[in-house]
Amino acid sequence: RAARKKEMDFVRDKGLWVKRGVDECWKRTGRPPVTVRWVETNKGDDVNPNIRSRLVARQIRGPGQEATFAPTPPLEALRTVLSLAATDLPGCAKRCRDPQSEERCQVSFVDISRAYFNAATDPDDPCYVALPREDADFGKDLCGLLLRHMYGTQKAAEGWQCEYSSFLVELGFKQGVACPCVFVHATRDIVVTVHGDDFTAV
């Protein structure tokens, strides 16, 4: 119950949806709201449980609908980032290995929590979800019009990929051509590879 409350607080604070009548959903999409379910994982163990709850949509691609996807990097992308941290390349300045120096070479690992909630949805392609039992308005003739992507929706991965890509490009990174999950900032000498919500950089 505590884990579900925490997730619902996050949904509310992030502004995941605005509540609309189910009739609006039918009118705009021709379908009922997408159902939702809870996915719970014990991140601890039997002695010290640490339950994580995620509210996910159950949007299944129907006949005639195009498949959507987001790119994932090959293993070579991660290997390249780690190799760049460990190797001094001919013709390039040597990497600083002094652990006390501000100029030292570092490898950074960043995991974005609830990444999809950070990507805005397309207002011209609405997606409505059913409200969970834990919502105060459950049982009323209401549903949630998604303002941000939600796990389990068809466009979530693609939306998140567009969100972080455009943000990194705004920061001065150049996106890879052969692998769009690799980004290079020539001025700051930073190379990043992104796999889902995990960022690895040197």
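Structure notes:
- Of the residues making up region 17-57, those that are assigned to a helix (DSSP H, G or I) and either loosely packed, with under 12 Cβ neighbours inside 10 Å or in contact (Cβ under 8 Å) with a residue 12 or more places away in the chain (or both) are V22, D23, E24, C25, K27, R28, T29.
- When region 72-113 is filtered for residues that are under 29 Å from the mean Cα position of the chain (by Cα), over 16 Å from V191 (Cα atoms) and among the small types (G, A, S), only S113 remains.
- Of all residues making up region 119-146, the number that are surrounded by fewer than 16 Cβ atoms within 10 Å (Cβ to Cβ) and not charged (D, E, K, R): 6
- Any hit, region 156-175, residues being assigned to a loop (DSSP other than H, G, I, E, B) and open to solvent by less than 20 Å² (accessible area, probe 1.4 Å): no
- Against the list (1) outside any loop (DSSP other than H, G, I, E, B); (2) at positive phi, the condition L84 fails is (2).
The values are calculated or read from the model by the stated rules, or taken from the named source; none is laboratory data. Small disclaimer: the values here were computed from a predicted structure and weren't measured. A quick note on method: Cβ atoms are made from the backbone with ideal geometry, for glycine too, and the neighbour counts reach across all protein chains shown. For accessibility, only protein heavy atoms count, side chains too; no ligands or nucleic acids. Shrake-Rupley method; radii C 1.70, N 1.55, O 1.52, S 1.80 Å.
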